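What follows is a set of notes on a single structure, which appears directly below.
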Amino acid sequence: MAELEGQNPGGAGLVFAAHNNHTPQCGLPPRVRTIDNLGLYYGYFENRFGEQFVFVFDRATKTGTVSGGDLDWGKPKAFTLGLLEEALRATQRLAEQIIRQGSAETSRLPIIDAALALGRLTGLTGKDEVIWLRACLKACVTAPEWPE
């Protein structure tokens, strides 16, 4: 990959940087620095439309946020594992209702898991976005803590 001329590398230890693709009306994007709290997990996603999202999870408190330009950078969507478990149960109940009704949509139901529930909580319901949320949750939550 070619180096960008005239770009400030941001420091010798910088691994990744992303420029904000969103308009000023979307608010100021977060300034994420992994050195501020070593117990945090960070995930970044940009879809094919240029929409950007940041996932932050605190392993010690079992709390996290998802923010994005389309969600208003300045208003991150907060969650806890407990809230995620509640959202998962609600999503499972909704899927059970669809199945009981014998809807033609039954065969098109997505995988009902914590990532889909988190997508419903945060407004990230696109297929690519839910796959990204699934990867973030798998990376930062150990198996016994994983809402099922």
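The values are calculated or read from the model by the stated rules, or taken from the named source; none is laboratory data. Note that the coordinates shown come from a computational prediction; the quantities given were computed from them, not determined experimentally. Positions of Cβ are generated from backbone atoms using ideal geometry, with glycine treated the same way; all protein chains shown enter the neighbour counts.
Can you find, within the stretch 48-107, the residue that is modelled with the lowest pLDDT among those that are β-branched (Val, Ile, Thr) and surrounded by fewer than 18 Cβ atoms within 10 Å (Cβ to Cβ)? Going through the qualifying residues, I end up with Thr106.
Of all residues in the stretch 119-133, those being surrounded by 14 or more Cβ atoms within 10 Å (Cβ to Cβ) and basic (Lys, Arg) number 1.
So if I check each of Ile35, Ile112, which one is among the aliphatic types (A, V, I, L, M) and surrounded by 12 or more Cβ atoms within 10 Å (Cβ to Cβ)?
Working: Ile35 fails: surrounded by 12 or more Cβ atoms within 10 Å (Cβ to Cβ).
Only one candidate qualifies: Ile112.
Number of residues in the stretch 113-130 that are polar (S, T, N, Q) and part of a loop (DSSP other than H, G, I, E, B): the value is 1. Of Gly119, Gly102, Gly74, all but one fail to be of a type outside the set (A, V, I, L, M) and under 15 Å from the mean Cα position of the chain (by Cα); the exception is Gly119.
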